[in-house]
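See structure below.
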Amino acid sequence: MDKSHVEELMRKNARHTAQGAVASYIPELKKQDPSLLGLCMMAVDGRTLSFGDDRSRFTAQSIVKVPVLLAALLDNSLERLFQKINLSPTADGFNSIVSLETKSDKKPLNPFINSGAIAALSMVAGEQPEEKFRRVLELFRRIAQNPHIEVNEAVYRSEKATGDRNRALAYYMKSTGILECAVEPLLDAYFRLCSLEVDCHDIASLGYFLARNGLTPQDERLADRGACRLIKAVMATCGMYDGSGEFAAMVGIPAKSGVGGGIMGVVPGRCGVGVLGPALDEHGNSLAGVMLLHDLSELFDWSIY
Ligand code: GLU
């Protein structure tokens, strides 16, 4: 990886941070600095390159749906998991409620929209939601090799105070039997997981782990190849909200974004990528982040297609 070419792409794309807008439906996220642009690339041989605001902290938001799905896969048979959640991409928004009622099986469309992630979390091992929360947190910390990943309390409180759409989704799923546990404690765990504070290195480590099909940098196997393959397929088809098709065509790597401005990408067998750019496009993806990933994909010939 050539540093000077990447530096040039960082400079070129920094101007796009002035476009787009930070998420505002969670009031605390409005306080984010839209001018940030950070990048971390972690190659499978262990070399790490980082640029710009790579150490700025932001909340993982929907990126945490990846370790949630991983934990649900580790703790359940595929058959049981997919009795509750489908694997279909959608052009509806990430918090859409419509398909939960109109589809005959009442299942969330996929594990990366809010309803699907809440359902996946309900299936993670643990009697109480607090244990499910800790299970996902510990998995994320081990993968990121960072025991200091913690909840951003202000974002958590803000999400909890305003998360009525997620409440609606969860109560609806309770009424149809998709959720079998109490709604409020489960949502509390979901809000805390979305509010985990990370930096570009933490999410690049998650990408690195998937690029190596379940191995940590110490060659510790935390997941098998099949689980990682499934997660990458869901990322490729559903990871960038309703912008997933465009992203597949323009960038061509499995990725998962969050409304905190992060994008976690996987270049299978090659590297994990973490990007931060809090100003979002109309799909809810980091606008400058997507453009930067497009340029990096061209430079390094990353597309898997
Ligand atoms: N915590 C956010 C929510 O549930 C996550 C959304 C996202 O990043 O897409 O609304």
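Each residue of region 30-41 was assigned a 3J(HN,Hα) from its phi angle through the Karplus curve 6.51 cos²θ - 1.76 cosθ + 1.60 (θ = phi - 60°); the sequence is 4, 7, 5, 8, x, 7, 5, 8, x, 8, 9, 10 Hz, with glycine and proline shown as x. Judged by a Cβ-Cβ distance under 4.7 Å, the unpaired cysteines of the chain are CYS181, CYS194, CYS228, CYS238, CYS271. Working from label points 7 Å from Cα in the Cα-to-Cβ sense, the SER4 to GLU130 distance is 5.7 nm. You can think of it this way: the chain between GLU101 and ALA161 has 19.1 nm of extra reach, that is 0.36 nm per residue less the Cα-Cα gap. Dipole orientation for the chain: of the candidates CYS228, LEU37, ALA14, CYS228 has the Cα lying most toward the positive pole (charges on Cβ; Lys, Arg +1; Asp, Glu -1). Among GLN145, LEU196, VAL66, which residue has its Cα furthest toward the positive end of the charge dipole of the chain, with +1 on Lys/Arg Cβ and -1 on Asp/Glu Cβ? So the residue furthest toward the plus end is VAL66.
Taking amide H as placed 1.01 Å from N in the peptide plane, GLU150 has its amide H under 5 Å from the amide H of GLU197, each at least 5 places away in sequence or on another chain. Calculated mean residue ellipticity, 222 nm, the chain: -13500 deg cm²/dmol, from DSSP H runs (n ≥ 4) at -39500 (n - 2.57) each, averaged per residue and rounded to 500.
Annotation: amide H-H contacts under 5 Å for ASP53 (H modelled 1.01 Å from N, sequence separation of 5 or more, or interchain): LEU37, GLY38, LEU39.
Bear in mind these aren't lab numbers, they're just calculated from the coordinates by the rules spelled out. Since the model is a prediction, treat every value here as computed from it, not as a measurement. Reconstructed Cβ throughout: ideal geometry from the backbone, glycine too, with neighbour counts over all protein chains shown.
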